[in-house]
1. When the range 78-99 is examined, which residues are found to be more than 18 Å from Q164 (Cα to Cα), touching a residue at least 24 places away in the same chain (Cβ under 8 Å) and not in a loop (DSSP other than H, G, I, E, B)?
2. Within the range 134-148, can one find any residue that is part of a helix (DSSP H, G or I) and loosely packed, with under 11 Cβ neighbours inside 10 Å?
3. For residues that are under 24 Å from N43 (Cβ atoms) and not in a helix (DSSP H, G or I), scanning just the range 149-182, find the one that is nearest to the chain's Cα centre (by Cα).
4. Residue check, G111 against (1) surrounded by 13 or more Cβ atoms within 10 Å (Cβ to Cβ); (2) touching a helix residue (DSSP H, G or I) at 6+ places or on another chain (Cβ under 8 Å), all met but one. Which one?
5. Filter the range 78-92 for residues that are out of contact with any Ser or Thr (no Cβ under 9 Å at 6 or more places or on another chain) and closer than 20 Å to I133 by Cα and give the result.
6. Considering every residue within the range 40-52, establish whether at least one is under 17 Å from T110 (Cβ atoms) and within 12 Å of the chain's Cα centre (by Cα).
Amino acid sequence: MSAVKKIKTAAPYLRVIKGGKSNPLNNIVDNTWIFIHAALWCNNEFSGKEEAQFQNLIAEHYNTHKNPTKVFEEIIERVCLAKRYVSRKRGRYLSKPIDWLNLHYHKGLTGTEGWYQEVCLQRITVPEYNKGITLLAKAITKYLQEPTIKTIVTYRKKLIAERQFDLLQIFNNSIINFQINN
């Protein structure tokens, strides 16, 4: 008597994940760090461990909000406000990222929330007020959704037309960093 043992095999499957990330919030946190690094600390190198710490701090800024894209664009505008604040007067500086990104550090990213609210209030009566930082936020968001040369050229031309040369530099640095890191 011959016993034949039948082996049941599981059907193999492939799991496709767009962009190589399984959690969209992780992707937006990664992209937020890439942008902040390009805008504020582009001449600094950080270890993988430090970057993981920074991303954890950034993730805390997203935890209480339902619309991560809106938070992302707001953070871009707030970073631009901080960059311009530091650039306006000699001797101003930003803290190191581990402090500046901390939700509980009032002189860091958290402190820029008040600046952003003031800009929003001013826009009620003067809709074009600080329009460039909103344009940059839209440009970065659009590029991450559609990373094409057409997107880059379109927003580059818009930033030049608005004479937002400081923001153009941030845009260029960000695009390069997104291409390297994504």
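1. Passing the criteria: P97, I98.
2. yes
3. Here the residue is N182.
4. Single failed check for G111: (2).
5. Answer for the range 78-92, where residues must be out of contact with any Ser or Thr (no Cβ under 9 Å at 6 or more places or on another chain) and closer than 20 Å to I133 by Cα: C80, K83, R84, V86, S87, R88, K89.
6. yes
For (1) in contact (Cβ under 8 Å) with a residue 12 or more places away in the chain; (2) farther than 23 Å from A59 by Cβ, each residue gets a yes or a no:
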| position | (1), (2) |
| --- | --- |
| H106 | no, no |
| T141 | yes, no |
| K158 | yes, yes |
| I176 | yes, yes |
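Residue-wise test of (1) touching a Leu at 6+ places or on another chain (Cβ under 9 Å); (2) within 17 Å of E73 (Cα to Cα); (3) without any contact (Cβ under 8 Å) to a residue 12 or more places away in the chain; (4) not hydroxyl-bearing (S, T, Y).
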site	(1), (2), (3), (4)
E146	no, yes, yes, yes
V153	no, no, yes, yes
E162	yes, no, no, yes
N182	yes, no, no, yes
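Each reported figure results from applying straightforward, stated rules to the coordinates on display, with no laboratory input. Since the model is a prediction, treat every value here as computed from it, not as a measurement. FYI the Cβ positions are ideal-geometry reconstructions off the backbone, even for glycines, and counts take in every protein chain you see.
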